[in-house]
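Each reported figure results from applying straightforward, stated rules to the coordinates on display, with no laboratory input. Owing to the predicted nature of the structure, the values given are computational and were not obtained by experimental measurement. Glycine also receives a Cβ, built like all others from the backbone with ideal geometry; neighbour counts cover every protein chain displayed.
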Amino acid sequence: MHDYTKNPDWMKNLMSNNAPETFNEKLLLIENTLNNKGNFTYSNTNYLFLEKIVESVTKKPFQEVFNKFYSKIDLPNIKIGVNEEGLEAYFGQTEKGSSKVSAWREYYGFDGGVYTNSKTLDTFLTKLYKDISILKPSTIAQMETWTKMEPMTIPIGSGVIYKYGYGVMKLTYNDQEYVGHPGGTLKYQSFVFYNAKKDISISVVSNCSGRYFNNIFFQELIPAILDEL
């Protein structure tokens, strides 16, 4: 389905601090075209409908269901509905062109509306992949049903994220394989991956985004960390 964040009106409204917040507002930004048939594509729209599916099944607000789930598995610091006031964020297209965008409200689908810290993300990865206490092994195996991402492969230094499953990606770097997911909004960037062979989890978060910061994050910072492993 068409990614509603690719609609020019979404960016225009966001820049004026008037981004669409509700499901119906975002629905109006989804173009009624099928232009990705046969190719891999990543769409934020999918999360909007996933939210509605969960609400239809549980008869409860998605935020309530989501937060209750993580509290139940002893990860209460993973939550939706965090007050961003006081959280600084910066956006930079060039080395000298950085803007403070703390006041921006993006209102992504809930893919970009979850807050936590790197220590909790490490615990999450340990529970998910090492302890296998969050999902069944059969479910994880289904998530790792890989689809090649060409032409949308993501270079990470000398490595590359080249396969996508259901909610996870595969990264190869220095002949090592990592499973996880990079993530970001126009304010933040994150990188969460697990190396099963070495039993190592990597969780990195940043309050900077934009072309310049993103390049530094994915092409310099992350490779420097992976080189040490």
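Observations
- With neighbour counts taken as other beta-carbon atoms within 10 Å, the residues V204, V168, V82 rank, fewest first, as V82, V204, V168.
- Taking the chain and dividing mean pair separation by its residue count, relative contact order in percent (alpha carbons under 8 Å, at least six apart): 17 percent
- Length added when fully stretched, K127-E84, from 0.36 nm per residue minus Cα-Cα: 12.8 nm
- For I200, distant residues with modelled amide H under 5 Å away: N195
- Considering only P8, Q219, G109, and ranking their Cα positions along the charge dipole of the chain that arises from unit charges at the beta-carbon of Lys, Arg, Asp and Glu, the one farthest toward the positive end is G109.
- Within the range 77-95, backbone nitrogen closer than 11 Å to the virtual label 7 Å beyond the Cα of N117 toward Cβ: 77
- DSSP beta bridges in the range 4-228 [antiparallel fraction, %, rounded to 5]: 95 percent
- Burial ordering of V57, V65, fewest other beta-carbon atoms within 10 Å first: V57, V65
- Built amide H within the under 5 Å cut-off of E144, gap 5+: Y166
- Gain on full stretching of the segment that runs from N35 to K72 - 0.36 nm per residue minus C-alpha separation: 9.3 nm
- Rounded to whole Å, sorted largest first: equivalent-ellipsoid semi-axes of the chain, Cα gyration tensor: 26, 23, 20
- Simple spin-label estimate for N207 and S98 gives 1.2 nm between the two label positions (7 Å along the Cα-to-Cβ direction from each Cα).
- Under-5 Å amide H pairs with S102, H placed in peptide plane, nonlocal only: A89
- Residues I30, I73, ranked from the fewest to the most other C-beta atoms within 10 Å, line up as I73, I30.
- Calculated from backbone phi, Karplus (6.51, -1.76, 1.60) coupling profile of the range 182-193 in Hz, x at Gly/Pro: x, x, x, 10, 7, 10, 10, 9, 8, 8, 10, 9
- Across the range 3-9, coupling constants 3J(HN,Hα) worked out from phi with the 6.51/-1.76/1.60 Karplus curve, θ = phi - 60°, read 7, 4, 6, 8, 6, x, 5 Hz, and Gly and Pro carry x.
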